[in-house]
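What follows is calculated from the coordinates using simple rules that are stated; it is not laboratory data. What you see is a predicted model, and the numbers here were worked out from it, not measured in a lab. No Cβ is skipped: glycine too gets one built from the backbone with ideal geometry, and neighbour counts run over all protein chains shown.
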Amino acid sequence: MHRAFRLLATGFVAALIASAQFPPGYVDPAPVLDAATRAIGADKIRCLTAAGSAYAGMVGQQRESAWNVDWPRGDALTNFRRTMNWESGTMREEFDRPPGRNPASWKYGLGWRGGTPLQRNPHQIFSVNGNFGWHVDGAGNSPIAAQPEDAELWQLDLWLNPVGFLKAARKPGANPRAVWRWELGESGRDGNTTKPDKVTVVSITMLGKYRVDATINKENLLQRIHTWAPDPVLGDTNIEHEFANDTYVDLSGGMRFPTVWHSHTGWDDNYGALNVSAGHNGFGGPLKEVRANACPDTVEVPAPVRAARFEERVTMEALANGVYLMGGSTHNSVAVEFSDFIAVVEAPLDEKRNLAVIDAIVKKIPDKPIRYLISTHQHFDHIGGLRTYAHIGATIVTHWKNFPFYNRDVVNYTPRTLAPDMLSLWPPTELAEGYQWETVRENYTLTGGRRTMRISYVQPLAHVEGMLMAYLPEEKIAIDADLYDPPSPGESAGAPTASNNSFRDHVRRLGMDVRTIAPIHGRAVAWSDFERMFGR
């Protein structure tokens, strides 16, 4: 009797000690992860191939920066195939997509931010092995190394699925924690019932810095995986994948995997998130053909990818006295010197690019402030440096339709924990006082000394709303973004696009005498070269 009481007391003390390890609201993640692993046989799956069709939202390429506007749906990804090998830390994706519009380095999601030429071939191949990522534009062509930040996101994506998450949770440094909560189940989201389900959310650390949460339901299935990824425009950006119970299929030997994916880049409920950018649906589709442990593809890092170096190259071409096309990348800026200040048209890509451009400008034109940054439109690949110019004290000039998005979502005091920039590390008082903006409705003019810059609203325009272009009347130079991208030397311009027509009509309507086009994409060309597209 005494021994039984002692054993009972020992068990009670052990239970108290165990419970003391988890504060109120927290639970032991180990049994939750064990049950989820058994439910889909994750410990038996070394690698997996999923194939089918998919869609990709053009993240950051919405027509309007307004409430409740989703990312535009891009061309369908046909013959989609993804092979994931969690033992080797490799993934290969390939699909077919019409060429001509997408950056060649873009799969889906935040990779749209640009940095490479447009896609030229239908078949696209994307691979990642550890810290190295690369893409091939057309089977048999040379691999092009991905920017390190893109390669990291591709490696992260390898683990943002039920099998990957459960394997990552066992890795050193994952530090799993778990909480419970009640939420509306699938049956409750149509408004017919409000019966809640109790779920467990397990949070782990991936790749040493990403906090990733998995919502695990009463069937021990992962129904949602959520994390944040860094973006030059939005900062810490919501990324989530959803998997419905009825999409899990039996493979063999107790192994299961979902065949329908639905992914968000940005919050699903934009009003709840209090943002203006409004996009969310980033990727998804039925991947009906799923095979486990039959992954013959090797993903070796090509020698050119391993040897690739990424240096920010800035070129400066004088288009006129005090007017410079800042090139060396896929996106240009244009610097214009006035008597007492400098104005820059466009702040594309990211902070690194714009710091390099600013450094080149101030070396060429010392002791004058960059007083204005003219932002032509709100597509993400054109505004990744807005915060950089705000940091150095420039006033941002943009169309009034872009202002709510820029002011609330982009140039703000929101913490950026994953990739802090200068504005977040050294926030200026101008943001709080709100005098770093000038908005345009139809026309706006900058003058200084003998120089004048006319800024005007281009419409109608199918490409995007809120588009501005700049014109220097004395120099007869038009500065445009996406209205006309000159072909590379030796390439044909092709037939005029809708944007080309809008550009031409706008110049004629305002009576501009344009001799030179300074584009944000490509080289400066004569207006006569542009007119030849129209048969003149």
| query | For the pair Arg291 and Lys368, how long in nm is the line joining their label points, each one 7 Å along Cα→Cβ? | reply | 6.4
| said: Give me P(r) over region 298-396, computed from all C-alpha to C-alpha distances, binned every 10 Å, as integer percentages. | reply: 15, 46, 23, 10, 5, 1
| query | How large is log10 I(q)/I(0) at q = 0.21, 0.27 Å⁻¹ when the Debye formula is applied to the Cα atoms of region 471-536, each weighted equally and without solvent? | reply | -0.84, -1.43
| Per 5 Å bin, what is the whole-percent P(r) computed from every C-alpha pair distance within region 283-356? | 3, 11, 15, 12, 10, 8, 8, 9, 8, 6, 4, 3, 2, 0
| note | Hydrodynamic calc, region 216-360: Kirkwood Rh from Cα pairs, then Stokes-Einstein at 4 °C with viscosity 1.567 mPa s, so D in µm² s⁻¹ is 64
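Charges at C-beta only: +1 for Lys and Arg, -1 for Asp and Glu. How large is the resulting dipole of region 387-479 about its Cα centre, in Debye rounded to 20?
Roughly 140 debye for region 387-479.
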| said: What distance in nm separates the two pseudo spin-label positions at Ala320 and Met422, each 7 Å out from Cα along the beta-carbon direction? | reply: 2.8
| query | Amide H of Leu319: which non-local residues (sequence gap of 5 or more, or other chain) have their own amide H closer than 5 Å, using H built in the peptide plane? | reply | Tyr324, Leu325
| Residues listed by number, region 206-234, amide nitrogen under 11 Å from Asn175 label point at 7 Å toward C-beta | 206, 208-211
| Separation between the Thr78 and Arg38 pseudo-spin-labels, each 7 Å from Cα along Cα→Cβ, expressed in nm? | 4.6
| task | Mind giving me the FRET efficiency for Val69 and Leu510? R0 is 22 Å, r the Cβ-Cβ distance, nearest 0.05 is fine. | result | 0.15
| note | At the level of C-alpha centres, the distance separating region 493-531 and region 124-166, in angstrom, is 37
| request: Estimate the FRET efficiency between Arg211 and Gln459 by the formula 1/(1 + (r/R0)^6), using the beta-carbon distance for r and 35 Å for R0, to the nearest 0.05. | output: 0.25
| request: Calculate, in whole percent, how much of the Cα-Cα pair population of the chain lies beyond 44 Å. | output: 24
| task | May I ask for the Rg/Rh ratio of region 26-305, computed from Cα atoms with Rh as the Kirkwood radius, given to two decimals? | result | 0.95
| request: Give the long-range amide H neighbours of His399: residues separated by 5 or more places, or on another chain, with amide H under 5 Å away, using H modelled in the peptide plane at 1.01 Å from N. | output: Val440
| Each residue of region 527-532 in order: what ³J(HN,Hα) in whole Hz does its phi give by Karplus 6.51 cos²θ - 1.76 cosθ + 1.60, θ = phi - 60°, with x for Gly and Pro? | 4, 5, 5, 5, 5, 5
| What FRET efficiency do you get for Asn220 and Ala273 if R0 is 35 Å and r is their Cβ-Cβ distance, rounded to the nearest 0.05? | 0.75
| query | How large is ³J(HN,Hα) for each residue in region 198-209, as worked out from phi by the Karplus curve 6.51 cos²θ - 1.76 cosθ + 1.60 (θ = phi - 60°), to whole Hz, x for Gly and Pro? | reply | 8, 10, 10, 10, 9, 10, 9, 9, 10, 6, x, 8
| Share antiparallel - DSSP beta bridges, the chain, percent rounded to 5 | 90
| Semi-axes of the equivalent ellipsoid of region 315-534: what are they in whole Å, largest first, if each equals the square root of 5 times a C-alpha gyration tensor eigenvalue? | 28, 19, 17
| message | I need the phi-derived Karplus couplings for region 432-445: 6.51 cos²θ - 1.76 cosθ + 1.60, θ = phi - 60°, integer Hz, Gly and Pro marked x. | response | 5, 8, x, 10, 9, 10, 9, 10, 10, 9, 10, 9, 8, 10
| query | Within the chain, which DSSP H helices have Cα atoms that stretch 30 Å or more along the helix axis and a mean Kyte-Doolittle hydropathy of at least -1.0? | reply | none
| query | Stretch Asp529-Arg313 to full length: gain in nm at 0.36 nm per residue minus the Cα-Cα span? | reply | 75.0 nm
